[in-house]
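Have a look at the structure below, then the notes.
Each value in this text was obtained by applying a stated rule to the coordinates, not by laboratory testing. Predicted model, so just to flag it, every value in this text is computed and none were measured. Note that each Cβ is placed from the backbone with ideal geometry, even for glycine, and that neighbours are counted across all protein chains shown.
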Amino acid sequence: MEEETEEDENLPPGEEQGMQDSLLGGSPEGVPVPTEAPAHGDPQKEVRSRVPEGGFGWVVALAATWCSGSIFGIQNSFGILYVMLLSEMEGSERHSMDFKTAWVGSLAMGMIFFCSPVVSIFTDRLGCRKTSSGGAALAFVGLLSSSFSKSLILRYFTYGILFGCGCSFAFQPSLVILGHYFKKRLGLVNGIVAGGSSVFTLCFPFIMKKMATAIGVAHTFQVLSIFLFIQIFLSLTFKPLLSRSVDVKEKENFTGRSKAQQCLAQTRKYFNMQVFRKKTYSIWACGIATTVLGYFVPYVHLMKYVEHRFDKKSQDWILLVCMGATSGIARLASGRIGDCIPGLKKIYLQGVSFLFLGILSMMLPLCKVFESVIVVCLFLGLCDGFLISLMSPIAFELVGPMQASQAIGYVLGLMAIPMTAGPPLAGLLWERFGNYDLVFYFAGVPPLIGSLILLSVPLLHERDLKKKEQLEAGKEKTQDGVVNGELLPGSPVTDARV
């Protein structure tokens, strides 16, 4: 499958085929992507037909693994940072800080998804190397500056905005570039990158827990920023093999137009809302957005809950390690499993994953011993891996390959607001009622509602297909001159009889 789009000459800038799969760690194999036959003498298409399938591409894959591992290792371990930030403010109004502190991590995670549609534009105009290096530099500055302030308001900006935006700009191009070096092995490489990044997610909670007690929160931010500093230089390996040629028709369309008209035309081109005309896609996107309201809550509040309920402050990092391990396994396995499920029936698997995610979140308050929490977290990680890796193949099935990039970008943008709001709302419940049981019951309700919405999508799709078939059958009968068993005047059969 063709995913390289930064400078692909066959696709317009807003419809890259690379970001949509790599972004979520999966590659829907077997999906036909329309391409033009290579023109004789076209150097770019000749290069395109000779993708190296390795070589220097393995260096690029290593850099992409470091990028995704560093970013999501830090993001998914925010529960430990959350406890560290709360303990740093012991002298202030401690009881009222849970809600405000949760916004730090929520903003960072939300910005990764919120910036997704914009990052694809920058990747197309500036290239993978510049976009990813600039994003890594921005994330580095955000983390480093977070260490020099104890103000939550300032950390909303440094960690939440700067670090979150930088992660988005660094992460997406790092995986788009894989399509320039791999074609037949692209699914394998995406799986390796996703699995390799899971190793970071396994290690970060343990490392951050040790640093919390040894050097404190400020120096912890400084150590974490080193990972992004290294990524600035690793991003320099993202050298594209294909250069984007400017479409002749595009030049002709812009000839004689003012700059304002050209800007408006480019805006329409990049922010095309046609995917929302498809009812099944709109319902699916709304279901995903509903679900993620409770998705990030366990990652933020689970550490504090275990400390409060079981007094296991020294072992709470084990829970994040368990979720990261099983999530990595599920991401590697779900791509292959999804390939065996035809059409939109993949949504059933995603819907069931959301259903169990909600049930498992609501089971956390029912756990009487710490070991039972570990078991629940193992299954939470499995659900997380399955639901994320299936998003890209489902988008392909809903809107087709030519609009899949926009479909992924918009659904990620819709996810940003509920995913950002979930942990702070959960923190507000804790402040108001002083009960963590309500926090996880709240986290479980949105996935349950979202799963019901998602499970209705294949049924609506089948109903629409039947209506379409009936309409086409009716048109064929009308064209043959037969309606309700009677011959229409002027029909071919009537004329023959005359």
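Could you work out how far apart the two model spin labels at residue 214 and residue 371 are, taking each label as a point 7 Å from the Cα in the direction of the beta carbon, and quote it in nm?
3.1
Working out 0.36 nm times the residue gap between residue 435 and residue 229, then minus their Cα-Cα distance, what length gain in nm do you get to one decimal? Intermediate results must be reported in sequence, preceding the final value.
Values: separation 206, 0.36 × 206 = 74.16 nm, distance 4.01 nm.
Gain on extension, residue 435 to residue 229, equals 70.1 nm.
Can you tell me the dipole magnitude for the range 369-473 around its Cα centre, using point charges on the Cβ only (Lys, Arg +1; Asp, Glu -1), in Debye to the nearest 20?
On the way: 5 positive and 9 negative charges, 49 e Å.
The calculation lands at about 240 debye.
Full extension from residue 154 to residue 279: what is 0.36 nm times the residue separation minus their Cα-Cα distance, to one decimal in nm? Mind dumping the intermediate values first?
Working: separation 125, 0.36 × 125 = 45.00 nm, distance 4.16 nm.
Length difference between fully extended and current span is 40.8 nm.
Find how much the distance from residue 222 to residue 459 grows on full extension, using 0.36 nm per residue of separation minus their present alpha carbon separation; answer in nm with one decimal.
Numbers: separation 237, 0.36 × 237 = 85.32 nm, distance 5.09 nm.
Here the segment from residue 222 to residue 459 would lengthen by 80.2 nm.
Provide the net charge surrounding residue 218, with neighbours chosen by a C-beta distance below 10 Å and charges set as Lys +1, Arg +1, Asp -1, Glu -1. Show your work: numbers first, answer last.
Working: positive: 150; negative: 88.
Net charge around residue 218: 0.
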